[in-house]
Each structure stands twice: as C-alpha cells, then as structure tokens.
Amino acid sequence: MSELPVAESKKQHCENHQRCMEMIQAVLDGSASPEEMEHFKSNIESCLPCIEGYQLEKELKESLTNKVEKKCCPDRTVEDIKKKIGLVLSLATLFALQYSIFHVAFMN
C-alpha cells in the first residue's frame with residue numbers, strides 16, 4: 001500500500017478509533033479479510049487520525065522487522081529441549097498408567 005496523503009480536508013477526530021486501530025493491525029499483519037481490506041481502503045483516506053495511526057504502525061513494523069536479527073538456536077539447545085519434552089511425556093505416560101492401575105484396583 002502506498003503512502004497515504006495527509007490533507008487539510010480530512011476529519012480530525014475518529015469516532016471509532018479503537019476499532020480502526022484493530023483494523024490497521026489486521027491489515028498490516030495480513031489477517032484482514034478481503035472485505036475488511038476493501039472497507040479499510042475506502043475509508044482510511046478520509047480520517048486524519050487513522051492515516052497517522054496507519055503510518056506510525058507501518059513504520060514501527062518495518063523498523064522492528066529490519067532491526068530484529070533472526071537467529072536459530074544452537075543444535076545443543078534444540079536437543080536438550082527435545083530430551084526434556086521426551087522425559088515429561090514419559091513421566092506423564094507413567095503417571096497415567098499408575099492412575100489406571102490404581103483406578104482399576106481400588107475403584108471397582
């Protein structure tokens with residue numbers, strides 16, 4: 001989406017600012033439906049607070065995307081996590097078996 005022009009003829013107050021900001025977030029993160037996108041495009045240019053909110057949120061998102069360095073965690077860390085998950089699953093299975101045995105032995 002191109003930069004939105006800011007002009008004096010825009011309304012200066014948004015009656016639905018919270019809802020508009022939620023819509024702006026949906027548009028920027030790509031979760032807005034086609035109908036929501038169409039509504040956004042047809043209404044954004046008439047409201048100065050929404051234009052400014054859109055531009056600010058877009059710039060923040062772009063800044064964060066460009067500044068955050070994506071790193072993969074070390075293989076050792078991945079293996080440690082997998083081992084711990086395996087241990088927890090084993091313990092949960094053992095607990096479930098003990099519970100079943102207890103239930104059969106003492107509840108029937």
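Read-outs throughout are calculated quantities, based only on the coordinates presented, and are distinct from any laboratory measurement. Keep in mind that what you see is a predicted model, and the values were worked out from it rather than measured. All Cβ positions, even for glycine, are placed from backbone atoms using ideal geometry, and neighbour counts span all protein chains on display.
Numerical summary
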{"read-out": "Neighbour cut-off at most 11 other Cβ (10 Å), DSSP loop, GluC sites (Glu not before Pro), region 57-108", "value": "GLU69"}
{"read-out": "Separation of the GLU35 and LEU91 label points, Cα + 7 Å toward Cβ, nm", "value": "4.8 nm"}
{"read-out": "Ellipticity estimate at 222 nm from DSSP helix runs (n ≥ 4, -39,500 (n - 2.57)) divided over the chain, nearest 500", "value": "-24000 deg cm²/dmol"}
{"read-out": "Relative contact order of the chain, defined on C-alpha pairs under 8 angstrom at six or more residues apart (%)", "value": "29 percent"}
{"read-out": "From the coordinates shown, P(r) over Cα pairs in 5 Å bins from 0, in percent corresponds to which of (1) 2, 10, 18, 17, 12, 9, 7, 6, 5, 4, 3, 3, 2, 1, 0; (2) 2, 12, 24, 25, 20, 11, 5, 1, 0; (3) 2, 10, 13, 13, 9, 6, 5, 6, 7, 8, 8, 6, 4, 2, 1, 0, 0", "value": "(3)"}
{"read-out": "Given LYS10/LYS67; LYS10/LYS61; LYS61/LYS84; LYS58/LYS84; LYS58/LYS82, the pairs whose alpha carbons are separated by over 29 Å", "value": "LYS10/LYS67; LYS61/LYS84; LYS58/LYS84; LYS58/LYS82"}
{"read-out": "Net charge over other residues, Cβ less than 14 angstrom from the Cβ of ASP75 (K, R count +1; D, E count -1)", "value": "+2"}
